[in-house]
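Structure, as structure tokens:
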Amino acid sequence: MANRGADENGNLLDVTGIETCYGLSQVLFGLSLAIAPGEMVTLMGRNGMGKTTTIRSIMGLTPARKGSIRFLGEEIRQSPSYRVAQLGIGLVPEGRQIFPNLTTRENLLAAAANRRDVADPWTLKKVCTLFPRLGERLSSMGNLLSGGEQQMLAIGRALMTNPRLLILDEATEGLAPLIRDEIWTCLSRLKADGQAVLVIDKNVDALTEIADRHYMIERGRVVWSGTSAQLTAAPDIQHRYLGI
């Protein structure tokens, strides 16, 4: 699994020196990160430091004006967001953004695609096995689901696209502790199955248990990166960049 779909550097995603602006306001300043096939990587930092903008740049929603974003060896910095999704990046956006007037089943089937002809693709049944709670709510409208169920639905919807890389922006924000644990368990299973994942979240303890590497971002720049063991051993880094 380790080298399948990698570029010449062995990475699935290579972000190099990107600069992104909203009008005249620059948010990212030469930001770089990389994710290998099957790797789980986190992007952490205080609010307003550029984490979501990084995701939006990768997805083509707020294109970076400089730098390089390569996915599967292909330059995608100026690609439209639909093309980025078609290449195999699945996004679970901040705020979930499910379709409120569609049922759980319809939300999942609306995103279903197997463009890479995966031998064992994600299906309605597989998603409901991963999240049994969704299986019980298939006929419920999206706006009647709890916050935790909506997050499960957003993850399931992204998985139904059979992505090579799954990105979660604020994976467990605002969720009850039990639901949070359920999300972490789900991500651990996905990682064990070889799914590459990029996660934005603030729960350092959970992330250091399941993720391979971490990037700390401050004012649009990566200020620290390292493994889970290195982050666990550096409480000063956590305090300095996360305020914990």
TODO: Rank these for me by crowding, 131, 29, going from fewest to most other beta carbons within 10 Å.
DONE: 29, 131
Task: Contour minus Cα-Cα distance for residue 144 and residue 24 (0.36 nm per residue) - done: 39.2 nm
Open item on the list: Nearest 10 degrees is fine. How inclined is helix 147-159 to the longest principal axis of the chain, computing both from alpha carbons?
Closed with: 80
TODO: For residue 125, go through the aspartates and glutamates and keep the ones whose alpha-carbon is under 20 Å away, minus same-chain ones fewer than eight residues off.
DONE: 106, 117, 136, 149, 182, 193
Open item on the list: Suppose each label sits 7 Å from its Cα in the direction of the beta carbon; what would the residue 66-residue 101 distance come out to in nanometres?
Closed with: 4.5
Task: 17 Å Cα-Cα reach of residue 191 towards lysines, excluding residues that sit fewer than 8 places from it in its own chain - done: 126
- [ ] For the stretch 46-198, just the Cα set please: Rg and Dmax, both in angstrom.
- [x] 15.4, 46
- [ ] Quickly work out the residue 74-to-residue 205 label distance, labels modelled 7 Å from Cα along the C-beta direction, and quote it in nm with one decimal.
- [x] 4.2
- [ ] Using only C-alpha atoms and all pairs of different ones, pull out the Kirkwood radius for the stretch 120-217 in Å with one decimal.
- [x] 14.0
Open item on the list: I need 239, 214 ordered by Cβ neighbour count within 10 Å, fewest first.
Closed with: 239, 214
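Bear in mind that the values in this text are calculations on the coordinates, not laboratory data. Since this is a predicted model, take the numbers as computed values, not measurements. Backbone-built Cβ (ideal geometry, glycine too); neighbour counts: all protein chains shown.
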